[in-house]
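The values are calculated or read from the model by the stated rules, or taken from the named source; none is laboratory data. Remember, it's a predicted structure, so these values are computed and weren't measured experimentally. Here the Cβ positions follow ideal geometry from the backbone for every residue, glycine too, while neighbour counts run over all protein chains shown.
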Amino acid sequence: MTAVALGFLLTGLVLGVYAMLYGTERSVQPVVAPHERRSEHDPAAEPSPAFNLASIAAFAVGFGLTGYLLTRANDWAWYWHLFIALAAGGATYVLQTLLMARWAIPGARADQVDERYLLQGTLARITEAVPAEGAGQLQYALDGREYHLPARSMDGRAFAVGTDVVIDRVEQGTAYAEPWADVEQRL
């Protein structure tokens, strides 16, 4: 039982770290271009509160930790260890599911994002020259797809075709950008 409990504990920890780093949302391709979205929350990508990686990790950690501690602390029969560890795993699963259903998912739904800054920090390249105080065009890639937007300089400078820029904001469908070289110097 000790080896099984440790296996569940380690698996749960790895799954939990993976869920923290990569999230639990389902992968969904956006229907509209990123600069046309009104929120970061996509209902189609919303995870199930009960069936997601974080909830499975919670069960595995609860089962594994309880099972390991029981095997180290007493000499009960193996089936009592298993029963109590399953109950503890079930309790952690229920708590994680409630946490997702009552706090995480409603919080994501209620998040109000300023859509002007959805693309802030996105690297792009000028595809149509931007004259001083004028507009041109840039191209950026996101999630494996390429998009084009009208572009203006943040400070009124001109950009030549091929200039690498960083998007600061998108207002009324026009991207305001600054040269990557300027951003790189600040870093």
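Worth pointing out:
- Qualifying residue in region 101-115 (condition: within 20 Å of the chain's Cα centre (by Cα), β-branched (Val, Ile, Thr) and within 30 Å of residue 175 (Cβ to Cβ)): yes
- Of the criteria (1) outside any strand (DSSP E or B); (2) out of contact with any Ser or Thr (no Cβ under 9 Å at 6 or more places or on another chain), which one residue 104 fails: (2)
- Which listed residue, of 88, 135, 45, is closer than 26 Å to residue 167 by Cβ, in the same structural domain as residue 21 (by TED's automatic domain parsing) and without any contact (Cβ under 8 Å) to a residue 60 or more places away in the chain: 45
- In the set 75, 155, only one residue is loosely packed, with under 13 Cβ neighbours inside 10 Å, among the acidic types (Asp, Glu), in the same structural domain as residue 60 (by TED's automatic domain parsing) and part of a loop (DSSP other than H, G, I, E, B); that residue is 75.
A quick yes/no check of all residues on (1) modelled with pLDDT of 95 or more; (2) more than 30 Å from residue 172 (Cβ to Cβ):
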| residue | (1), (2) |
| --- | --- |
| 4 | no, yes |
| 23 | no, yes |
| 32 | no, no |
| 42 | no, no |
| 52 | no, yes |
| 57 | yes, yes |
| 61 | yes, yes |
| 64 | yes, yes |
| 72 | no, yes |
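- Total residues in region 111-122 satisfying the condition of being at negative phi, touching a residue at least 24 places away in the same chain (Cβ under 8 Å) and either surrounded by fewer than 16 Cβ atoms within 10 Å (Cβ to Cβ) or assigned to a helix (DSSP H, G or I) (or both): the figure is 7.
- Residue in region 144-163 that is within 26 Å of the chain's Cα centre (by Cα) and of a type in the set (A, V, I, L, M) present: yes
- Flag if residue 168 is among the charged types (D, E, K, R), under 22 Å from residue 115 (Cα atoms) and buried (at least 18 other Cβ atoms within 10 Å of the Cβ): yes
- Residues located in region 170-179, provided they are closer than 13 Å to residue 138 by Cα and free of Cβ contacts under 8 Å to residues at least 60 places away in the same chain: 174, 176, 177, 178, 179
- Residue identified as within 30 Å of residue 13 (Cβ to Cβ) and surrounded by 17 or more Cβ atoms within 10 Å (Cβ to Cβ) among 91, 108: 108
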